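First the structure, in the form of structure tokens, and then the observations on it.
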Amino acid sequence: MDYLFYLVPAASVLALLFAWIFFRQMKKESEGTPTMTEIAQYVREGAMAYLKQQYKVVTIVFVVLAILFAVLAYGFGVQNGWVPFAFLTGGFFSGLAGFIGMRTATFASARTANATMRSLNSGLKIAFRSGAVMGLTVVGLGLLDISIWWLILNAFVSEPDASQKLVVITTTMLTFGMGASTQALFARVGGGIYTKAADVGADIVGKVEQDIPEDDPRNPATIADNVGDNVGDVAGMGADLYESYCGSILATMALGASAYFGDTAMQTKAIFAPMMIAAVGVVLSVLGIFAVRTKENATLKSLLGSLSTGTNLSAILIAASTFGIFSLLGFTNWWQLSLSVLSGLGAGVIIGKVTEYYTSHSYKPTRKLAESAETGSATVIISGVGLGMISTAIPVITIAAAILLSYGFATGFVFSAATLSQGLYGISVAAVGMLSTLGITLATDAYGPIADNAGGNAQMSELDPSVREKTDILDALGNTTAATGKGFAIGSAALTALALLASYIEEIKIGFGHIGKATLEVGGQAVETVKATITDIVSYYDISLMNPKVLVGIFIGSMMAFLFCGLTMNAVGRAAQKMVVEVRRQFREIAGILEGKKRPDYTSCVRISTKAAQHEMILPSLLAILVPMLVGVILGPAGVIGLLAGGLGAGFVLAIFLANSGGAWDNAKKYVEEGHHGGKNSAAHKATIVGDTVGDPFKDTSGPSLNILIKLMSMVSIVMAGLTVMLHG
């Protein structure tokens, strides 16, 4: 068993090695003309300057929280002493994953544009392999962090009972997930505000008011817009999916230790299983990446098919591999647990296909949305909102089916208190299955912003229009793959959040140990705390819908999803207003901009987005941390369970709605720009631009941040469980 563990750090090294190889291959390509290189340098410098400022703010938050956790651990004794350190490493690796991905993207965009002059396949290959750097870096650093903490805690944690030691190790490792989630939320919210403030400002003044093309060098906000694609859609997304990936693995490890408590051999197998699935997924993701290629005259559908070839190959192979992994580890129900993993993989594929159907202009919904533009922007908004709402149905039913199937396969379809732990373990391995091929699915996601920036570089460098046409094809594909990636992220968040609910109960049990409570009175009988089941804890705190604390928690959790989205949407609106005012001022006061005789002041627009993002990201991000703390202090575990359930239910559906509406509005605009319904500069085109600007914060700020909110509230609750038990023990 010990030898099998070392396959995990080996897989992490393999992922990081291929990420480095792909990075070096990309750097060998030419950035093109001096103008293309100059523009790429502007974007690179702007992105790095923003990230430097963001990390300063986030570092202060991390230091304050680490001190708080240290006080709880060493001052009050209600927390494991390793928690502050695990929290900091989670945040560090999450930020590092985003930084490496963004750094790669800023080098890749001009090279993609230059390669597209040769052929569409050349451009796709560079953009996709550069996106793969992000995907492989995320899984490589995630498995590396998990491996390091497993070795450290296994060596230093001391418990008289071997089973209890494994529970303590895995629940302690969960706390570095809070560090990853905290960093991811700041990155997603800050980057989302930055990119959409610039994008909305550039579109409203440039495309609607002045009738100049997207990414026209005469538009003062165009550099800020391209910088935003990198800090929001690449750095933010990398940090986001890093915490999703690690969270699913860590929650499954903790549940495995709980489900087989008392049998250390089975506990160890259940802990190793998610790590092994993730390790094999790394190898298969690399194989899938090499399978992606296309022909020169490819359509959007055939390009989607090219990417699907790689992702489907990886998914099929990991599905087959899980049977071998569970059998090799010696599970008696190995084939049932493998079917649980398959239910997660299947749910991910279905959500991806549904997202593609509702957001790609190759299909009817987005084409009907574009048709509604013929009667104005109001009908575009109404149709887009309706499309997004309808699009939630199949993903929600899919996740519901995946939950029931994964639970049922793991327990032989026995739904009872006696099988609860094993059933929840089945749900959590389904989440690991969904994210096991993240190395390639994230590559298809990160590819999008690179293609978008390549188009911007081609436009600003005034290359032949045929180059922009090719990059637009790649960009439209990127919009769909980005929406698909967000669907995967929120789908995995729903499954992982259920596992984290169970992990919270386990942390409550450990909290009883911190305050010296050896027994609990459950149903009139004394139960040893260390042997208490999830059902015992639920009964002890009366966690039921008849408990007003649970109901209040559900309402607060549901409200948090909408409050969070409202704050981030308004933040984009305020920042965009400042951008619009600045762009209008430059067009009005700087003579010769629109004639191309004088270069705009790009720096001032970059500064506006940077300041707005730094200021506006603080309140919504801190609320996500403070509200679970306060609910735990005031309402206790019953209120916290309600909070997490309400946040999960409302947040999951709202995130799908926002992502799909935004993606459809964006691609409806691109469909019109291809010459349909009047083409560029027509009234219908301007109506779709309005829809696109409304959809920008939907799909790139508020929507993708919700899955982090759901898991961060769970992680904060887990980390603060010791204090909650001390006050409500």
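The values are calculated or read from the model by the stated rules, or taken from the named source; none is laboratory data. Just so it is clear, the structure is predicted and the values come from calculations on it, not from any experiment. In this analysis, Cβ positions are derived from the backbone assuming ideal geometry, glycine residues included, and neighbour counts consider all displayed protein chains. Heads up: the accessible areas ignore ligands, DNA and RNA and are worked out on the full protein's heavy atoms, side chains in. Shrake-Rupley method; radii C 1.70, N 1.55, O 1.52, S 1.80 Å.
Please turn the phi angles of the stretch 244-251 into ³J(HN,Hα) values with the Karplus equation 6.51 cos²θ - 1.76 cosθ + 1.60 (θ = phi - 60°), one per residue in order, whole Hz, x for glycine and proline.
5, 4, 5, x, 5, 5, 5, 5
Of the listed pairs Lys578/Lys699; Lys27/Lys578; Lys196/Lys470, which have alpha-carbon separations greater than 29 Å here?
Details: Lys578/Lys699 21 Å; Lys27/Lys578 36 Å; Lys196/Lys470 24 Å.
Listed pairs above 29 Å: Lys27/Lys578.
When ranked by the protection proxy of mean other Cβ atoms within 10 Å per residue, highest first, what sequence do the peptides 639-650, 409-420, 543-554, 365-376 form? Please list the in-between numbers first.
Values: 639-650: 25.9, 409-420: 15.7, 543-554: 17.3, 365-376: 20.8.
Going by the mean number of other Cβ atoms within 10 Å, highest first, we get 639-650, 365-376, 543-554, 409-420.
Assign unit charges at the C-beta atoms only (+1 for Lys and Arg, -1 for Asp and Glu), then state the dipole size of the chain relative to its Cα centre in Debye, rounded to the nearest 20.
In total the dipole reaches around 560 debye.
For the stretch 194-343, take every pair of Cα atoms, bin their distances at 5 Å starting from 0, and report each bin as a whole percent.
Binned Cα distances yield the sequence 2, 8, 11, 12, 12, 12, 11, 9, 7, 6, 5, 3, 2, 1, 0.
Roughly speaking, to the nearest percent, how much of the stretch 403-447's 1.4 Å accessible area is carbon and sulfur? Please report the intermediate quantities before stating the final value.
Details: 870 of 1140 Å².
The nonpolar share, carbon plus sulfur, comes to 76 percent.
Per DSSP H run of at least 4 residues, take -39500 (n - 2.57); add these up for the chain, divide by its residues and hand me the 222 nm value, nearest 500 deg cm²/dmol.
Working: 24 runs with 580 residues, N = 729.
Per the formula, -28000 deg cm²/dmol.
Helix 7-28 against the longest principal axis of the chain: what's the angle in degrees, Cα atoms only, rounded to the nearest 10?
Compared with the principal axis, the helix lies near 10 degrees.
Can you list the HN-Hα couplings for the stretch 717-729, worked out from phi with the Karplus curve (6.51, -1.76, 1.60; θ = phi - 60°), rounded to whole Hz and with x for Gly and Pro?
Per-residue couplings from phi come out as 4, 5, 5, 8, 4, x, 5, 4, 5, 4, 8, 10, x Hz.
Spelling out what I want: for every residue of the stretch 259-264, take phi, set θ = phi - 60°, compute 6.51 cos²θ - 1.76 cosθ + 1.60 (Karplus), and round to whole Hz; glycine and proline get x.
5, 10, 4, x, 10, 5
Taking Cα pairs under 8 Å and at least six residues apart, what relative contact order does the chain come out at, in percent?
Numbers: 1428 pairs, mean separation 154.4, N = 729.
Normalised by residue count, the contact order of the chain is 21 percent.
Can you return the aspartates and glutamates within cross-link range of Lys509? Criterion is Cα-Cα under 13 Å, with same-chain partners fewer than 8 residues away left out.
Glu528, Asp536
Is the stretch 9-54 rounded, prolate or oblate when judged by the Cα gyration tensor, a ≥ b ≥ c being the square roots of its eigenvalues, rounded requiring a/c under 1.5 and prolate requiring a/b larger than b/c?
Values: a/c = 7.46, a/b = 1.48, b/c = 5.04.
Oblate.
Once a ≥ b ≥ c are taken as the square roots of the eigenvalues of the Cα gyration tensor of the stretch 47-159, is the result rounded (a/c under 1.5), prolate (a/b larger than b/c) or oblate (a/b not larger than b/c)?
Numbers: a/c = 6.70, a/b = 2.20, b/c = 3.05.
Oblate, because a/c is 1.5 or more while a/b does not exceed b/c.
Which chymotrypsin sites (Phe, Trp or Tyr not before Pro) does the stretch 280-371 hold that lie in a coil by DSSP with at most 16 other beta carbons within 10 Å? The partial results should precede the final answer.
On the way: sites: Phe290, Phe323, Phe326, Phe331, Trp334, Trp335, Tyr357, Tyr358, Tyr363; in loops: Phe331, Tyr363.
Here the chymotrypsin sites (Phe, Trp or Tyr not before Pro) that fit, given the DSSP loop and packing criteria, are Tyr363.
Taking a ≥ b ≥ c as the square roots of the eigenvalues of the Cα gyration tensor of the stretch 572-669, is the shape rounded (a/c under 1.5), prolate (a/b larger than b/c) or oblate?
Working: a/c = 5.68, a/b = 2.22, b/c = 2.56.
Judged from the Cα gyration tensor, the stretch 572-669 comes out oblate (a/c at least 1.5, b/c at or above a/b).
Report relative contact order for the stretch 164-235 in percent, whole number only (criteria: Cα-Cα under 8 Å, sequence separation at least 6).
Values: 55 pairs, mean separation 28.9, N = 72.
It rounds to 40 percent for the stretch 164-235.
Put +1 on the Cβ of each Lys and Arg and -1 on the Cβ of each Asp and Glu in the stretch 95-218; which of Phe128, Gly142, Ser181 then has its Cα farthest toward the positive end of the dipole?
Positive-most Cα among the choices belongs to Phe128.
Can you give me the C-alpha center-to-center distance between the stretch 491-508 and the stretch 230-272, rounded to a whole angstrom?
10 Å
Probe radius 1.4 Å, ligands and nucleic acids ignored: give me the carbon and sulfur share of the accessible area of the stretch 470-581 as a rounded percent.
Roughly 65 percent, rounded to a whole number.
What angle do you read, to the nearest 10 degrees and between 0 and 90, between the alpha-carbon axis of helix 334-359 and the longest principal axis of the chain?
30 degrees
Which lysines does Lys52 reach when only Cα atoms under 18 Å apart count, and residues fewer than 8 places away in its own chain are ignored?
Excluding near neighbours in sequence, the set is Lys611.
Once amide H atoms are built 1.01 Å from N in the peptide plane, which residues 5 or more positions from Val522, or in another chain, come under 5 Å H to H?
Residues meeting the amide H criterion: Val527.
Hey, what did the stretch 666-729 get for relative contact order, percent, Cα under 8 Å, at least 6 apart? The partial results should precede the final answer.
Numbers: 27 pairs, mean separation 14.3, N = 64.
Reported as a whole number, the value is 22 percent.
Scale the Cα Rg of the stretch 45-96 by the rule-of-thumb value 2.2 N^0.38 Å and send over the ratio, two decimals. Please list the in-between numbers first.
Numbers: Rg = 13.6 Å, N = 52, 2.2 N^0.38 = 9.9 Å.
Computed over Cα atoms of the stretch 45-96, the ratio equals 1.38.
How much accessible area per residue does the chain have, counting only protein heavy atoms and a probe of 1.4 Å, in square angstrom?
On the way: 23910 Å² over 729 residues.
Roughly 33 Å² per residue, with all protein chains present.
How far is helix 393-411 tilted, in degrees, relative to the longest principal axis of the Cα atoms in the chain, given as a value from 0 to 90 rounded to the nearest 10?
Helix 393-411 sits at roughly 30 degrees to that axis.
What is the percent carbon and sulfur in the accessible area of the stretch 597-655, measuring with a 1.4 Å probe over the protein chains and ignoring ligands?
Details: 1550 of 2190 Å².
Answer for the stretch 597-655: carbon and sulfur cover 71 percent of the accessible area.
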